[in-house]
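To start, the structure itself, in structure tokens.
The values are calculated or read from the model by the stated rules, or taken from the named source; none is laboratory data. Quick caveat: nothing in here was measured; it's all calculated off a predicted structure. Virtual Cβ from ideal backbone geometry, glycine too; neighbours counted across all protein chains shown.
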Amino acid sequence: MDEPTETSSDTPAPRIVVGGALVHRGRVLAARRSTPASVAGRWEFPGGKAEPGETEEQALERELLEELGVRARALSRLPGAWTVRPGLELRFWTAELLDGEPRPLLEHDELRWLGPEELDSVDWLVHDRDVLPHVAPLLQGLRG
């Protein structure tokens, strides 16, 4: 008789990290990492880990407030998911700026608003670069 096989429910769900493509007036916000040393100087879409019981949308909105000092609303998830390391999965969302002027408060030392023609002007972290094809059309549609 065959032994029962383990199901995927035996594997814990990965912890989610959310990155936010914060769009405002046809541009998207890029943030340059200052820590840790392994990624310092590279650019990303700001965000962070979801806390237990938090939705991805809530996590992104909290992280943007903590990291940039702005109120924002998560709008829609972009295609794709990336394993950052075992047990940690990165997902990207679009977000709109509701209130405030972004400032690099934690983990970043510079911010830039980039238009669609400027997306390749910074040295993106690998996963953030992977999502650019989904971000660029959003910026094209908002110009005007």
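Before moving on, here are some points about what is shown:
- One residue from 79, 104, 12 being in a loop (DSSP other than H, G, I, E, B), in contact with an Asp or Glu (Cβ under 9 Å, 6 or more places away or on another chain) and in contact (Cβ under 8 Å) with a residue 40 or more places away in the chain: 104
- Checking every residue in region 50-71 against the condition of being part of a strand (DSSP E or B), aliphatic (A, V, I, L, M) and surrounded by fewer than 17 Cβ atoms within 10 Å (Cβ to Cβ) gives zero matches.
- Condition broken by residue 47, with the remaining ones in (1) on the phi > 0 side of the Ramachandran plot; (2) surrounded by fewer than 16 Cβ atoms within 10 Å (Cβ to Cβ) satisfied: (2)
- Only a single item in (1) at pLDDT 95 or above; (2) over 14 Å from residue 46 (Cβ atoms) is not met by residue 87, and it is number (1).
- Any hit, region 117-135, residues being out of contact with any helix residue (DSSP H, G or I) (no Cβ under 9 Å at 6 or more places or on another chain), β-branched (Val, Ile, Thr) and in a helix (DSSP H, G or I): yes
- Only residues that are assigned to a loop (DSSP other than H, G, I, E, B) and either in contact with a strand residue (DSSP E or B) (Cβ under 9 Å, 6 or more places away or on another chain) or closer than 17 Å to residue 128 by Cα (or both) were counted across region 29-49, and they come to 10.
- Of the residues making up region 101-122, just one is among the charged types (D, E, K, R) and crowded, with 17+ Cβ neighbours inside 10 Å, namely 107.
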